[in-house]
Amino acid sequence: MTEALTSLPPTILPLTILIADDHPLFRKGLRALLATVPQVQVVGAAASGAEAVHLAEQLQPNLVLMDLQMPGGDGLTAIRQIVAAHPNIHILVVTMFEDDDSVFAAMRAGARGYVLKDMDDDEMIRAILAVGHGEAIFSSAIASRIMAFFSNRQTQPPALFPELTESEQNVLRLMARGLTNNAIAVQLAFSPKTVRNYVSNIFGKLHVADRTQAILRARDAGLA
């Protein structure tokens, strides 16, 4: 038993945790943070989704801290496989992706919680302990997005471009109104990188060459 667990009574088992993230510095930081929590024990770390699935099978942790974007099998696939094979293993997504598509895809895959990597240490520990013990939890930013999604869902017009995701539709709508990528990021509470990715996806799905053509398509359809 590690030094971090010596204060536990012998009858209390620690909450065992597997970290799945492809960034070594972030894994190291999580290990250091969790070493300060007597009731948990990090039993392994994975750098890819496929490795996370393998280690979950081998180590049988109580909780997996899962990033969404990793090589060798993405986080969503790993979540689905782990939950299907081991429903007793809980999954907490720890990521930088805060868009609706990522949040709801993770929930559909079987994650019990979703938090952002930049949340403060105390909140991160509370989220880890809560999901590890069977609760569902979301960081405040994600919870606000979920509430907004369901409150606005009934009032949104039918999709004019069904090939686009809801987030891509929202980005295209703001593009058609003349907003820049940075302004769209502020309006939708996305990162500029996320908006750029959505704009690129829109170009591909609408088969347009540039922003002007995309805006014309949107305005012709009445999206603006």
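Do we find that Ala105 is at pLDDT 90 or above and either among the aliphatic types (A, V, I, L, M) or surrounded by 20 or more Cβ atoms within 10 Å (Cβ to Cβ) (or both) in this structure?
Criteria not met by Ala105.
Does Gly178 fit the bill of being on the phi > 0 side of the Ramachandran plot and modelled with pLDDT of 90 or more?
Taking the combined requirement at face value, the residue satisfies it.
Considering segment 108-124 alone, what residues qualify as being surrounded by fewer than 16 Cβ atoms within 10 Å (Cβ to Cβ) and closer than 19 Å to Lys28 by Cα?
Residues satisfying the conditions are Asp118, Asp120, Asp121, Asp122, Glu123.
Collect the residues in segment 168-182 that are surrounded by 14 or more Cβ atoms within 10 Å (Cβ to Cβ) and either touching a residue at least 12 places away in the same chain (Cβ under 8 Å) or in a helix (DSSP H, G or I) (or both), keeping them in residue-number order.
Correct list: Glu168, Gln169, Asn170, Val171, Leu172, Arg173, Leu174, Met175, Ala176, Arg177, Asn181.
If I ask for residues that are over 19 Å from Met107 (Cβ atoms) and over 16 Å from the mean Cα position of the chain (by Cα), which ones from segment 57-83 would you list?
Once the filter is applied, which keeps residues that are over 19 Å from Met107 (Cβ atoms) and over 16 Å from the mean Cα position of the chain (by Cα), segment 57-83 yields Glu57, Gln58, Leu59, Gln60, Pro61, Asn62, Gly72.
The values are calculated or read from the model by the stated rules, or taken from the named source; none is laboratory data. Note that the structure is predicted; figures quoted are calculated from it, not measured. Backbone-built Cβ (ideal geometry, glycine too); neighbour counts: all protein chains shown.
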